[in-house]
Amino acid sequence: MLPQNKFQDVIFTIFMAFVMVYAMICYNIALSVGGLQNFVFLAAFKEIVIMWPIAVVLELLFVGRLAQKLAFRFVTPGKDPMIMMILAISAMSVCLMCPLMSLVATILFKNAGSEFVAVWLQTTAFNFPMALCWQIFFAGPLVRNVFGFFVKTLAKDRAAEGNADLAA
């Protein structure tokens, strides 16, 4: 399920950003230490307190709207199947967020020095395939399903409260 109003959009974005950022931090730490190790899962929490809010702000202020505009150059709302809309918006979000978040990570964690541009481009190139696959096949479906469950549960609870108020 996709958000239907601004409040839902903020909640959805917070949840999606957490799932994406946590996975990408784990991935980058694993790359830097030569492979995935158990400590990576806890070590990622040191960086997530910085990277997660940055991702949320970027998505809400800039990336979300631009990703939709770019996606709608390829798909037409109401005409194309919903899955095509979701895939187009997800892909455009990754196309925008990956270089931006790689830039932030390069500035904050890479100590790139005079090789800044090269390190940023390499970080983006390494992150992009993982971010796209993670978004399309795992994070996107997971977050949409969990979000949909909570929205439906809240709707049922509100309906039940409304019925209880009417009966009283």
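The values are calculated or read from the model by the stated rules, or taken from the named source; none is laboratory data. Source: prediction; values computed, not measured. For neighbour counting, all protein chains shown are included, and Cβ atoms are generated from backbone atoms with ideal geometry for every residue, glycine included.
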Completion exercise
Of the candidates Phe128, Phe150, Phe138, the one satisfying the condition of being modelled with pLDDT under 95, in a helix (DSSP H, G or I), at negative phi and surrounded by 12 or more Cβ atoms within 10 Å (Cβ to Cβ) is Phe150
Practice task
Filter segment 2-27 down to residues that are of a type in the set (A, V, I, L, M, F, W, C) and more than 17 Å from Ser93 (Cβ to Cβ) and give me whichever is modelled with the lowest pLDDT.
Solution key: Phe7
Practice task
Test Thr123 against the stated conditions and say whether it is surrounded by 13 or more Cβ atoms within 10 Å (Cβ to Cβ) and either over 23 Å from Ile11 (Cβ atoms) or without any contact (Cβ under 8 Å) to a residue 24 or more places away in the chain (or both).
Solution key: yes
